[in-house]
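To start, the structure itself, in structure tokens.
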Amino acid sequence: MSFSKIIEFPFEHYLKKHTSPTGEVDFSELIEEFKKMGKMLMPKIGGAPKMPMEKMMEQMAKAKSSELDYRARISSDPLENAFGEKSTSHNSSNVKVVPPPFVPYAIDILANVKRTTKSTIYINVPFCQTRCSFCMFYISPYKKEESKRYTDALIKEMRMWEKSKSVGTSPIHAVYMGGGTPTALEAEDLHRIIKTCHEIFPLANDCEFTVEGRLSYFTDDKIESCLEAGANRFSLGIQSFDTEVRRRMGRLSSKDDLIRGLENLCSYDAAAVIIDLIFGLPGQNDENWDEDLKIVSSLPIDGVDLYQLIMLEGSPLEKLVKAGKVPEAPTKEQRARMYKRGFEFLLDNHFRDLSVSHFGKTFRERNLYNVLAKSDADTLAFGPGAGGKVQGISFMNVRSYEKWLEKIDEGKKSALMMFVPEKNWRLYKKLGEQVELGFINFDYFEKTFNVKLKDSLKEVLSQWQQAGLLLDKGKFADLTLAGRFYAVTMVQLLINYLQHRVFVPNAQ
């Protein structure tokens with residue numbers, strides 16, 4: 001039976017059945033209904049073997065349940081020794097995969113579900129003029145003629161959501177244009193995208209609107225177009241000021257080029273200017289890392305982010321290192337010391353620690369999107385490869401630029417995959433958000449979720465305090481410097497512990 005027959009089934013009945021009086025949709029139960037429908041209407045799909053993504057999620061869940069050793073190493077130096085290598089920059093919990101044949105209908109349902117939390121928009125621009133060796137987000141090389149084609153399609157995609165409940169229900173607090181390299185787009189197209197966002201979406205009057213990019217593409221006409229259209233924050237991926245280190249990564253601008261470009265951008269004095277630095281790059285050492293930090297302190301920027309290099313398997317950088325074409329990257333212990341030097345230097349120079357990775361030099365920098373992205377905030381997502389979520393239901397748009405264009409040209413939403421979280425997903429997200437900010441507020445979890453988290457995690461927290469990762473402040477637990485360095489690892493271990501020792505799966 002064709003998919004056109006499926007959509008004649010009474011979906012609205014099932015949607016109402018699994019929607020609470022407050023508008024919260026129980027997508028987990030709704031997806032089970034979808035699966036039953038699939039077995040009735042499309043036996044080949046309903047009874048088919050599980051999709052590779054579904055198998056992968058189950059394998060991840062099994063792996064987590066068998067890796068419940070939450071204990072940190074006890075040593076005189078917790079910063080270097082508490083845990084092993086970091087393997088990801090994000091935390092995760094178990095999810096159910098929406099059966100692929102139902103994704104086109106499920107995304108329409110999701111678009112018409114009210115947002116219930118603070119909210120963001122993520123726009124993915126797929127182009128880069130060069131590919132950085134450390135990056136796994138590269139999608140497509142930039143060609144000038146693609147700028148208008150992409151922008152036309154993006155605006156059409158946003159218009160598809162314009163009248164939906166998920167758009168018009170409450171304010172949007174942050175918009176982030178990432179990628180890829182948004183500043184590769186032509187000035188008039190940057191202006192059109194930003195202006196359209198202001199026209200379509202209910203942006204809060206203090207909405208943080210970030211345009212990410214590289215200085216090598218960010219000409220004055222592009223800067224002025226962004227500002228005129230309503231952008232109020234620029235995030236520049238500097239990564240390192242050291243020219244030799246940069247060239248190894250495939251970056252074009254020299255140290256002097258970067259300093260001149262940042263001084264020019266800051267001279268407009270019309271938006272927050274934030275830069276990213278990466279520690280752990282091949283060829284980095286204490287000397288050039290300290291020089292990077294001194295340059296940061298001397299510039300009239302508004303904030304800086306310190307990100308640890310994660311050497312992803314299969315990345316161009318890993319291949320270059322294995323082939324001996326670039327030096328070995330600093331070890332985890334060396335990266336820990338670099339983080340310590342960076343953290344202490346910035347605080348000594350009166351930057352504010354906004355999170356474990358983000359630091360504000362002026363009060364113009366609020367770091368809204370980055371914190372909300374780690375929380376239970378709803379996110380509307382547009383562009384190839386963009387990921388979003390509403391009421392915890394996450395979706396990922398098709399990654400291929402050409403296939404994304406085909407979907408939009410056909411008037412279809414571009415979601416390729418959708419995932420339904422487990423019962424306690426909101427608690428896990430709030431836990432991740434708080435650890436990202438450097439603390440855990442136990443009173444918040446008792447008042448909001450009726451969970452005495454300090455009691456539930458007593459075994460873990462006590463061991464981590466002994467290991468030098470936490471300080472017990474009564475109603476709070478504060479992360480030490482070592483705890484901040486291992487924050488992502490700690491969140492994942494806390495979620496695993498709660499899933500398998502506290503919220504026992506078969507009890508749900």
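Since every read-out is calculated from the coordinates, none of them should be taken as a lab result. Model, not experiment: these values are computed from the prediction. Cβ: placed from backbone, ideal geometry, glycine included. Neighbour counts: every protein chain shown.
The distance linking the range 312-342 with the range 266-308 is 19 Å (Cα centroid to Cα centroid, whole angstrom). Compactness of the range 119-373 is given as radius of gyration and Dmax, 18.4, 54 Å, from Cα positions.
Averaging Cα coordinates gives a centre for the range 145-216 and one for the range 103-129; these two points are 12 Å apart. Given a cut-off of 31 Å, name the pairs among 325/389; 340/458; 114/407; 255/325 whose C-alpha atoms lie farther apart than that in the structure shown. Checking Cα-Cα distances, 325/389 exceed 31 Å.
Within the same chain, aspartates and glutamates fewer than 8 places from residue 118 are excluded, and of the rest, those with a Cα less than 12 Å from its Cα are 376, 378.
What ranking, highest mean first, results for peptides 202-215, 442-455 when packing means the other Cβ atoms within 10 Å averaged over each residue? It would help to have the intermediate numbers written out before the result.
On the way: 202-215: 20.0, 442-455: 14.9.
Sorting 202-215, 442-455 by mean packing, highest first, produces 202-215, 442-455.
Packing around the peptides 301-308, 341-348, taken as the average count of other Cβ atoms within 10 Å per residue, puts them in this order, highest first: 301-308, 341-348.
By average Cβ neighbour count within 10 Å, what is the ranking of 254-263, 385-394 from highest down? Present the calculation step by step, with values, prior to reporting the outcome.
Numbers: 254-263: 16.7, 385-394: 22.9.
Result, highest mean first: 385-394, 254-263.
I need the calculated FRET efficiency for the pair residue 269 and residue 307, taking r as the beta carbon distance and R₀ as 22 Å, to the nearest 0.05. Before the final figure, lay out each step's value.
On the way: r = 27 Å, r/R0 = 1.21.
It comes out at approximately 0.25.
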